[in-house]
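These notes are about the structure you will find just below.
The values are calculated or read from the model by the stated rules, or taken from the named source; none is laboratory data. Just so we're clear, the structure is a prediction, and the values are computed from it rather than from any experiment. Glycine gets a Cβ as well: all are built from the backbone with ideal geometry, and neighbour counts include every protein chain shown. Remember, those area values only see protein heavy atoms, side chains included, never the ligands or the DNA or RNA. Shrake-Rupley method; radii C 1.70, N 1.55, O 1.52, S 1.80 Å.
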Amino acid sequence: MPVDICGVRHHGPGSARAVQAALDQEPPDLVLIEGCPELDAIVELLGEEDMTPPIAGLVYAVDEPRQATFYPLARFSPEWVAARWALEHGVPVRFLDLPATHAFALETEQQAAQRAAYVEPAAEDDDEGNVEAGQNELPRPPERVDPIATLAAMAGYDDAERWWEDAVEQRHDSPAGRFEAIRQAMEAVRAADDRPADDPDVLGNARREAWMRKVLRAEIKAAPQARIMVVCGAWHAPALVPDTFPPIGHDRALISKLPRTKVAVAWTPWTAARLSYSSGYGAGVNAPGWYQHLFDHLSQDDPDPRDLATTWLVRVARALRAEKLDASTASVVEAARLAETLATLRGRPSVGLGELDDAAQTVLCEGSRLPLDLVHARLVVGHELGSVPDSAPVVPLAADLARHQRSLRLKPTATSQHLDLDLRRESQLARSILFHRLVLLGIGWGALAETGRTTGTFKESWTLEWRPELAVDLVEASVWGTTVAVAAASRAADRAERSKDLSQLARLVSECLTADLPDAIAAVLDALDARAAVQHDVPALLSTVEPLARTCRYGDVRGVDTARVRVVLGSTVVRACLGLPMACASLDDDAAEQMVEAIAGAQRGLSLLADSALDESWTQALEALSVAEHVAGGVAGRATRLLLDAGHLDSEAAAQRMGRRLSLAASASQAAAWLAGFLAGDAVLLVHDTVLLGLIDEWVGGLDETTFEDLLPLVRRTFSEFTRPERRTVGERLSRLGGPDSRPAAEASMLDIDQAAPAVSAVARLIGWKVMDRDGAA
């Protein structure tokens, strides 16, 4: 029984062309392809018209979807060519590699064994007697042998890609002769491999090849007269020649009693840029766009090497013109000639990508690499995103997402795209809701971006990029539900049940609101209310105020009822206000800083709402902090400033409290902390209120030298938060203290009404007020 062993390079256009020629010259009765046999259940889908590469076979563990592998296929992949030919000609096609059900289980056992065998090194003394802990590192995975790099080095090449392209991809001999040469070369490399048999990589390949031989033996026995073609990686070709098979007992010892795990398979879209991944058929293809061009050229009946260079450079010229760069037809001809000359000088059988890049840079780009880099990703790599037919098996969650994408006209693309949404439009709001639900599920198709200068709440900006790995994320998220809405709500409820962090729960409320998940909002609010009722940590309570207030303030933009959120917010604010005075007693510096940040956040949140009851409770709590002597200086200073800014404290009262806090009887460190909390990065107060500025100047001037040196870093940090113009203005004010310009604030604020009248009238007209003269006439 004839068995044709086609050792290929995955994603090799020359290998794909050779496989195509071998299939046409001597059609087989059965095609076997390297790959896990679980793909047999969906291999028929490769013949569908809607199946457009690049695609990938996704194989994943059902109980642990993150454990997955991909088998990418491009139009220039030998496996794709072989499978499509077999399906078109009615020839059976199957996969013959080690089943994933065993491979995943073996991988899990190996990782568990490594963790069990790992013992953290004990601490050791160094030469100086200091104790140092040992490095906590797991053993590194073994390095794999790259047979192509080995052969390239033996041939005198320092670039394995270039050697393979010269020796294989652009050869024009018979397919049988090429595959025989590859098999002999790999046999020599395998013979020189001196790694031990228990090496993980060696043992893994041995198991895979033993299983492949098992499949081959079964097929030969079932149909002794049938012709079989095996398409496998070049490394495995020497091990699959029937005449050289080891005894059956040898293979049985390697593959008997292997562990199992439940797996599932599906076809998923892939991208050109991901063809360099090392999973499954990943073969380190760095230029898939070039390989596609090479495959299209080699597939012609009579390929002309000159056409290869010319057609590629025409594409380069078009891409440069799209970037508004000059690229004439005459320069394309000159670049093609230069590329052919370079290939001859370098002893290459045909023009390669290196020569074409050099020629394009020299002629089309006038020696600059930058213009070529602008079009590199588009041409050499490519932006193609494959597609699979609707009949392909997918998890229900992925099917629901696909329905949303079609209804909302959101076509996934392999390139990053920016999308601006106006939430006042129903279709745009629906898109936003979908993106927010996917974020809740951990599916990173879209990420929020800056909206620019606008401060409105009706606009959102998203950056979208579809990555093939999202197929695994969808499988993993399927445990939460069969639709995007149900799954997102279930995951949010689970996060709320597990979370003990009040601020995290408050943010989760906002996330559920933007995702339009009413049931999830109720579950999260229940958890938040329950946690807050028994929470005695005041900073934790305060940390929930701002996100909840934002939810209440901006919820009406999305038409969501926030009444329940307001109830939880109100009870949380009341609890925080009651516990705030006692929580601010006897705080150290770090705790005081955290409390200041929490108070500032709560103030920002409450300022978004027009709730007089909450404002009154909050003002009373701040007043208690401002006047109490036992409260940390930074906290008291910040409370005083908030009261002053809100109009609940006049400048004279603020000056009295500052004078008391900065008096000689007060601790210098607490006085400096009070000042830092009071100023809080805003110099406008000092610029316009010379009384407060004078008090600060008097306090600094009264410090003794030792105390001043101790407090200098804190004071400098406080004033460093001011902008340079603000610091200059404060300095000028200080230099004039006591002079004619240093009048009391009330006196300094006196205005010349006659001189100010034109400006006041202009402002009044701008804001829509009527301008009246002294007699009351308009």
- Query: In segment 287-321, how many are touching a residue at least 24 places away in the same chain (Cβ under 8 Å) and either loosely packed, with under 13 Cβ neighbours inside 10 Å or of a type in the set (S, T, N, Q) (or both)?
  - Reply: 3
- Among the candidates Asp526, Asp494, residue that is more than 19 Å from Gly570 (Cβ to Cβ) and either in a helix (DSSP H, G or I) or of a type outside the set (Asp, Glu) (or both): Asp494
- Filter result (in contact with a Leu (Cβ under 8 Å, 6 or more places away or on another chain) and open to solvent by less than 60 Å² (accessible area, probe 1.4 Å)) within segment 103-117: Ala105, Leu106
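If you scan segment 79-99, which residues turn out to be over 32 Å from the mean Cα position of the chain (by Cα) and closer than 12 Å to Ser15 by Cβ? Please lay out each step first, then the result.
Taking segment 79-99 first, the residues over 32 Å from the mean Cα position of the chain (by Cα) are 81-98.
Once the filter is applied, which keeps residues that are over 32 Å from the mean Cα position of the chain (by Cα) and closer than 12 Å to Ser15 by Cβ, segment 79-99 yields Val81, Ala82.
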- Item | segment 399-441, residues that are part of a helix (DSSP H, G or I), open to solvent by 20 Å² or more (accessible area, probe 1.4 Å) and closer than 30 Å to Arg75 by Cβ | Ala399, Ala402, Arg403, His404, Gln405, Arg406
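Condition (residue is among the aliphatic types (A, V, I, L, M) and at pLDDT below 85) applied to segment 613-620: is it met by at least one residue?
Restricting attention to segment 613-620, the residues satisfying the condition of being among the aliphatic types (A, V, I, L, M) are 613-614.
Next, from what is left, pick out any that are at pLDDT below 85: none.
Taking every residue of segment 613-620 in turn, none turns out to be among the aliphatic types (A, V, I, L, M) and at pLDDT below 85.
Listed residues Ala530, Ala523; which is modelled with pLDDT of 80 or more and open to solvent by less than 40 Å² (accessible area, probe 1.4 Å)? Give the derivation first.
Details: Ala530 fails: open to solvent by less than 40 Å² (accessible area, probe 1.4 Å).
The match here is Ala523.
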- Task: Quick one: Ala487 ticks every box in (1) in contact with an Asp or Glu (Cβ under 9 Å, 6 or more places away or on another chain); (2) touching a residue at least 40 places away in the same chain (Cβ under 8 Å); (3) open to solvent by 20 Å² or more (accessible area, probe 1.4 Å) except a single one, so which number is it?
- Result: (3)
- What are the residue pairs meeting all of these: first residue in segment 392-408, first residue touching a residue at least 40 places away in the same chain (Cβ under 8 Å) and of a type in the set (Val, Ile, Thr), second residue surrounded by 15 or more Cβ atoms within 10 Å (Cβ to Cβ) and not in a loop (DSSP other than H, G, I, E, B), Cβ atoms under 7 Å, and 6 or more apart or on different chains? Val394/Ala266; Val395/Leu474; Val395/Val475; Val395/Ser478
- Task: Return the residue satisfying two criteria in turn: it lies in segment 555-586 and is closer than 15 Å to Ile521 by Cα and modelled with pLDDT of 80 or more, and of such residues it is surrounded by the most Cβ atoms within 10 Å (Cβ to Cβ).
- Result: Leu569
- Give the residue, chosen from Asp589, Asp611, that is touching a helix residue (DSSP H, G or I) at 6+ places or on another chain (Cβ under 9 Å), surrounded by fewer than 15 Cβ atoms within 10 Å (Cβ to Cβ) and not β-branched (Val, Ile, Thr). Asp589
- Answer yes or no: is there a residue in segment 449-467 that is open to solvent by 30 Å² or more (accessible area, probe 1.4 Å) and within 23 Å of Glu64 (Cβ to Cβ). yes
- Item | Residue in segment 193-206 that is at pLDDT 85 or above, open to solvent by less than 60 Å² (accessible area, probe 1.4 Å), outside any loop (DSSP other than H, G, I, E, B) and touching a strand residue (DSSP E or B) at 6+ places or on another chain (Cβ under 7 Å) present | no
- Item | The lone exception for Arg641 - which of (1) open to solvent by 60 Å² or more (accessible area, probe 1.4 Å); (2) closer than 30 Å to Ser571 by Cβ; (3) not acidic (Asp, Glu) it fails | (1)
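Scan segment 499-511 and give yes if some residue there is aliphatic (A, V, I, L, M) and more than 30 Å from the chain's Cα centre (by Cα), otherwise no. Even if it seems obvious, please write down each step before you answer.
From segment 499-511, those aliphatic (A, V, I, L, M) are 502, 505-506, 508-509; that's our starting set.
Still in the list and also more than 30 Å from the chain's Cα centre (by Cα): none.
Checked segment 499-511: no residue is aliphatic (A, V, I, L, M) and more than 30 Å from the chain's Cα centre (by Cα).
Just for segment 43-93: of the residues that are among the hydroxyl-bearing types (Ser, Thr, Tyr) and open to solvent by 20 Å² or more (accessible area, probe 1.4 Å), which one is farthest from Gly382 (Cα to Cα)? Spell out the reasoning first.
In the first step, residues of segment 43-93 are kept if they are among the hydroxyl-bearing types (Ser, Thr, Tyr); the result is 52, 60, 69, 71, 77.
Remaining after also requiring open to solvent by 20 Å² or more (accessible area, probe 1.4 Å): 52, 60, 69, 71.
Numbers: Thr52: 15, Tyr60: 27, Thr69: 23, Tyr71: 19 Å.
Top of the filtered list is Tyr60.
Given the options Leu345, Leu338, Leu397, name the one that is of a type in the set (A, V, I, L, M, F, W, C) and over 30 Å from Ala155 (Cβ atoms). Please lay out each step first, then the result.
Details: Leu345 fails: over 30 Å from Ala155 (Cβ atoms); Leu338 fails: over 30 Å from Ala155 (Cβ atoms).
From the options Leu345, Leu338, Leu397, the qualifying one is Leu397.
If you take the residues in segment 369-398 that are small (Gly, Ala, Ser) and assigned to a loop (DSSP other than H, G, I, E, B), which one is surrounded by the fewest Cβ atoms within 10 Å (Cβ to Cβ)?
Going through the qualifying residues, I end up with Ser391.
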- Please indicate, with yes or no, whether at least one residue in segment 622-638 is modelled with pLDDT under 80, over 29 Å from Glu460 (Cα atoms) and loosely packed, with under 15 Cβ neighbours inside 10 Å. yes
- Task: Name every residue in segment 243-263 that is in contact (Cβ under 8 Å) with a residue 24 or more places away in the chain, in a loop (DSSP other than H, G, I, E, B) and among the charged types (D, E, K, R), in order of residue number.
- Result: Arg260, Lys262
